[in-house]
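The block underneath contains the structure these notes are about, expressed in structure tokens.
The values are calculated or read from the model by the stated rules, or taken from the named source; none is laboratory data. Predicted model only: the values in this text are computed from it and were never measured. A quick note on method: Cβ atoms are made from the backbone with ideal geometry, for glycine too, and the neighbour counts reach across all protein chains shown. With ligands, DNA and RNA removed, areas are computed over all heavy atoms of the protein, side chains included. Shrake-Rupley method; radii C 1.70, N 1.55, O 1.52, S 1.80 Å.
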Amino acid sequence: MPTVARLHEYQGKALLAGAGVAVPEGAPVTNPSEAAAMARRLGGRVVLKVQAWVTGRAAMGGVRFVETPDQAEEAAAALLALKLGHFEIREVLVERALDIAHELFVSVAIDDEARAPILLLDAHGGSGIEQRAGSVHRLPVDVHTGVRDDALADVLRTSPIEPCHHGMVIESIRAIVTLAAGCEARSLEVNPLVVTAQGDVVAVDCRMAIDDYAVFRHPELGIEIARELDHPATRLERWAYRVEQLDHRGTFYFAQLPVNGTPGTPGTTGTTGSRGLIGFHGAGGGGSMMSMDAISRLGFQLANFCDTSGNPSAGKVYRAARIILAQDGLVGYFGSGSGVASQEQYHSAYGLAKAFAELELSIPAVIRLGGNGEDRAVEILRDIGEQIPAEIRGYRKDDTPAFIADRFAELVEQANGARWSPRARTIPGFVGSGYRFPITHGTVWIDHDRCDAPTTALVIGNSSGLLVEDNGRPVLAVSADDVADRDSELVALEIECRRAARPVVFVDLPVEGLD
Amino acid sequence: MIIIDQTRRVLVQGITGREGRARTRLMREYGTTVVAGCTPGKGGQDVESIPVFDRVAEAVQSVGRIDVSVLFVPAKLVKVAAIDAIRAGVKLLVLVPDRVPVWDAMEIAAEAATHGASFVGPNTLGVLSPGRAVLGMIGGRAESAREWFNEPIDGRTVGVVSRSGGMTSSCGYYLSRAGVGLSTLVHVGGDSVIGLAIPDVAAMFQQDPETDAIVVFGEIGGSQEERLAAMMTRGHVTKPVIAYVGGAAATEGTRFSHAGAIIEGGRGTHAGKVEALTAAGATVVESFGELPAKTLEVLTQLQPAASDP
């Protein structure tokens, strides 16, 4: 089953076969003895290919031809021990080797300039698009009717492929284009499509990426995480994706970046030239990238890229921070986005404050929350910073990313090489018994035993009208439905109680997988 | 000014939804002339005393000419709604929703081409001409937008075109603080297939007498920045271009939030874009913080040339 919106070769080939394009006989295996068995079943010469999204797989030693099952076993063992790019190899495709007469390069891509699909076609064989740039034909694809047969025939006429095979080649190419449209691929590359010595037309390789935004319409593809990543989804990326799926208010995008070649590698700071690994929390796609550049320029290495934007709830920002802080070896937490947001920035401040407080953050955090409500956002972060070991600084829209990156570097310097070790959140003692009510994917707890008159007044005053007094204690004032999605207001309430040194409210917002 | 001012007659599709309703009010408060709304099945209702119709063609028939339609409908309904507007003769669409499937965007593009229409987005915050009108949701509250964005200033006015919504506002805000005037802010949208792209918008700014220079917020992925560079080289864009390109630290093969922000097969890299723009004569800043001062510098150098007949 594909884990992300990029498919492995064998997954793409299964789709090609379903669309009427011939593929070599074979199957993926996960250990050497399976490889031997598959080679025995296929008989004769077979090819073993690592399943990884890397370019130039053959040049990296990821493809082997063998003659016997024993050799297949040996080759599979070697291939499964490889590491290519960001990939630990888990699967090897074993297929019958073909006797190839002609190779074609066939690729359906999206042409951003034409705002239309395009077919890249080279019928002169060879491998590697760079080497053949001159002989690749760019054929327009109509989004409704596909590619024109006469255009395909024109390309084939000038190729060394014998005319008797042209009909079948055209049919296969049309099927590839139809498949790309049918499963809404962002790209579908068959390199090569071959004509065998026996005259069959077969897809020998397949690279395919499905449009993230269309995955919801394609349950048949069984894509677990609709994200385009250059590696199989990590544990944290799975948790993050789950959070995004459970709550569609605002955007939450999270990807781990390669550290020493592998995303999600813990504790690898201090490597050549790096001033340390950081947790990165952006807001807005462009603003996040701009902020990433500003902090990277100072020599820090991002453990992850993250973007919470589009008015996310405090609960969503909190969960994002929790996932960022599930990474080992961080020297600091850097948050910065577009800087001039039209949304109220204190919701994000409350979410971050809750995560930092619960984890008793002990590495520096620099957060720039520019835009409406920024003064309140900065005050919240400052007050929570005073209650925990970490140095926390909040900044506004008039502080540039380069300026706050410098402040961050100073704080990291002063922290004397402190590194973050992920830890469990602290949950107050009153959680588990006493007054509570459920909200979507969470529970709100109130410590009624410590609710004297001023505390009750404080709680109700900060509850955005969600709570009322009952026998001197704060209780829910609205229906279960009306409070279900009010995590922003409830997280604000929890943090306001903390700021007032009366921590009697706790919003339990577990992160699936982490808690 | 390009694309929008108070004289253009605007339709809102999805006007009865939460977002559509709220944004219609904000657009009006800023000066936009909203003449009708459209939500299938809600024809006959009013939103903020704006008449609502089932189909765009009915709206046109009832209220007369419609210049622009702004869409606040769920992503999966954007295609149907956009085609409805295009077939009713609307020549400019603003597709606000995020997560519109790319094959839907290509169908919209094909339909628009057939009917001579164009569109901004998908995944756009919209277009804002300071002091005049706004399409979409740039600036949020009308008073914030008035406070943040300068109106055009004689001889010191730029047009802003950006691939990032948040950074469209940021560019407008920081440029205004630096004393630069703004003709129009355009967020082209973060997707890989969009309607008006950076080069198209730059061509519009080139024709706009109010615009003295063009500020670009670019990103990794796709070819918009390279195509702008090619237009400059060919002499189709001669006004000064000041640009920042995000994603210097981006790695290949991972999407950086925006659907269009991905380096694939060595194409769409930060270095490639910076090189193309620089070679074409654009002023490219390495750090975003340098953008306002650099822009002012370029505009100041322009002054004597501008007064020279």
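Matching residues to (1) within 14 Å of another protein chain (Cβ to nearest Cβ); (2) in a loop (DSSP other than H, G, I, E, B); (3) open to solvent by less than 30 Å² (accessible area, probe 1.4 Å):
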site: A:399; (1), (2), (3): yes, yes, no
site: A:408; (1), (2), (3): no, no, yes
site: A:418; (1), (2), (3): no, yes, no
site: A:454; (1), (2), (3): no, no, no
site: A:468; (1), (2), (3): no, no, no
site: A:483; (1), (2), (3): no, no, yes
site: A:488; (1), (2), (3): no, no, yes
site: A:496; (1), (2), (3): no, no, no
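Every residue, every condition in (1) more than 8 Å from chain A (Cβ to nearest Cβ); (2) over 17 Å from residue B:180 (Cβ atoms); (3) crowded, with 19+ Cβ neighbours inside 10 Å; (4) hydrophobic (A, V, I, L, M, F, W, C), yes or no:
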{"position": "B:245", "(1), (2), (3), (4)": "yes, yes, yes, yes"}
{"position": "B:257", "(1), (2), (3), (4)": "no, yes, yes, no"}
{"position": "B:270", "(1), (2), (3), (4)": "yes, yes, yes, no"}
{"position": "B:274", "(1), (2), (3), (4)": "yes, yes, yes, yes"}
{"position": "B:287", "(1), (2), (3), (4)": "no, yes, no, no"}
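For the condition touching a residue at least 12 places away in the same chain (Cβ under 8 Å), surrounded by fewer than 22 Cβ atoms within 10 Å (Cβ to Cβ) and within 23 Å of residue A:309 (Cβ to Cβ), residue A:374 does not qualify.
Across segment A:170-193, the number of residues qualifying as hydrophobic (A, V, I, L, M, F, W, C) and assigned to a helix (DSSP H, G or I) comes to 8. If only residues of segment B:1-58 that are free of Cβ contacts under 8 Å to residues at least 60 places away in the same chain and closer than 27 Å to residue B:203 by Cβ are counted, the one that is least open to solvent (accessible area, probe 1.4 Å) is B:9.
Once segment B:73-87 is narrowed to residues that are open to solvent by 20 Å² or more (accessible area, probe 1.4 Å) and under 20 Å from residue B:27 (Cβ atoms), the residue that is farthest from the other protein chains (Cβ to nearest Cβ) is B:73. Just give me the residues in segment B:216-243 being open to solvent by less than 10 Å² (accessible area, probe 1.4 Å) and either touching a Ser or Thr at 6+ places or on another chain (Cβ under 6 Å) or facing chain A (nearest Cβ under 7 Å) (or both), in sequence order. Those that are open to solvent by less than 10 Å² (accessible area, probe 1.4 Å) and either touching a Ser or Thr at 6+ places or on another chain (Cβ under 6 Å) or facing chain A (nearest Cβ under 7 Å) (or both): B:217, B:219, B:242. When segment A:78-112 is filtered for residues that are of a type outside the set (D, E, K, R) and under 27 Å from residue B:221 (Cβ atoms), the ones remaining, listed by number, are A:84, A:85, A:86, A:87, A:105, A:106, A:107, A:108, A:109, A:110. If residue B:105 satisfies all but one of (1) facing chain A (nearest Cβ under 9 Å); (2) of a type in the set (A, V, I, L, M, F, W, C); (3) in a strand (DSSP E or B), what's the number of the condition it fails? (3) is the only condition that residue B:105 fails. If you filter segment B:267-288 down to residues that are in contact with a strand residue (DSSP E or B) (Cβ under 6 Å, 6 or more places away or on another chain) and not in a helix (DSSP H, G or I), you find that the one that is farthest from residue B:237 (Cα to Cα) is B:285. In segment B:115-164, of all residues being closer than 18 Å to residue B:8 by Cα and of a type in the set (Ser, Thr, Tyr), the one that is least open to solvent (accessible area, probe 1.4 Å) corresponds to B:129.
Residues in segment A:312-327 that are open to solvent by 10 Å² or more (accessible area, probe 1.4 Å) and at pLDDT below 95: A:312 only.
Selection of segment A:1-31 for residues being touching a Pro at 6+ places or on another chain (Cβ under 9 Å) and in a loop (DSSP other than H, G, I, E, B) yields A:3, A:4, A:8. If I go through segment B:232-261 residue by residue, how many of them are touching a residue at least 60 places away in the same chain (Cβ under 8 Å) and in a loop (DSSP other than H, G, I, E, B)? Here the count works out to 6. Condition check: surrounded by fewer than 19 Cβ atoms within 10 Å (Cβ to Cβ), under 28 Å from residue A:97 (Cα atoms) and at pLDDT 95 or above. Does residue A:167 satisfy that? Here the answer is yes, as residue A:167 does meet what is asked. In segment B:82-94 there is at least one residue matching the filter, namely being in a strand (DSSP E or B), outside the structural domain of residue B:186 (by TED's automatic domain parsing) and out of contact with any helix residue (DSSP H, G or I) (no Cβ under 6 Å at 6 or more places or on another chain). In segment A:354-379, the qualifying residues are those that are within 11 Å of residue A:394 (Cα to Cα) and part of a helix (DSSP H, G or I), and the one that is farthest from the other protein chains (Cβ to nearest Cβ) is A:379. Of all the numbered requirements in (1) more than 14 Å from residue B:11 (Cα to Cα); (2) touching a residue at least 40 places away in the same chain (Cβ under 8 Å), residue B:144 misses one, and that requirement is (2). Scanning segment B:46-78 for residues that are farther than 21 Å from residue B:124 by Cα and of a type in the set (Phe, Trp, Tyr) returns a single hit, B:53.
Of the conditions (1) in contact with a Phe, Trp or Tyr (Cβ under 8 Å, 6 or more places away or on another chain); (2) within 23 Å of residue A:309 (Cβ to Cβ), residue B:165 satisfies every one except a single condition; which number is it? Exception for residue B:165: condition (1).
Residues in segment A:456-466 that are open to solvent by 60 Å² or more (accessible area, probe 1.4 Å) and not in a loop (DSSP other than H, G, I, E, B): A:457, A:461. Of all residues in segment B:134-182, exactly one satisfies the criterion of being modelled with pLDDT of 95 or more, within 8 Å of chain A (Cβ to nearest Cβ) and in a loop (DSSP other than H, G, I, E, B), namely B:163. Would you check if residue A:103 is touching a residue at least 60 places away in the same chain (Cβ under 8 Å), within 30 Å of residue A:179 (Cβ to Cβ) and open to solvent by 40 Å² or more (accessible area, probe 1.4 Å)? The answer is yes for residue A:103. Would you confirm whether or not segment A:297-318 contains a residue that is closer than 22 Å to residue A:409 by Cα, at the interface with another protein chain (Cβ under 8 Å from one of its Cβ atoms) and assigned to a helix (DSSP H, G or I)? Within segment A:297-318, none of the residues are closer than 22 Å to residue A:409 by Cα, at the interface with another protein chain (Cβ under 8 Å from one of its Cβ atoms) and assigned to a helix (DSSP H, G or I). Among the residues here, residue A:424 qualifies as open to solvent by 30 Å² or more (accessible area, probe 1.4 Å), within 22 Å of residue A:326 (Cα to Cα) and small (Gly, Ala, Ser).
If you go through segment A:32-42 and keep only what is without any contact (Cβ under 8 Å) to a residue 40 or more places away in the chain and either closer than 14 Å to residue A:77 by Cα or assigned to a loop (DSSP other than H, G, I, E, B) (or both), you end up with just A:37.
Restricting segment A:221-259 to residues that are assigned to a loop (DSSP other than H, G, I, E, B) and in contact with a Gly (Cβ under 6 Å, 6 or more places away or on another chain) leaves a set whose member that is surrounded by the fewest Cβ atoms within 10 Å (Cβ to Cβ) is A:250.
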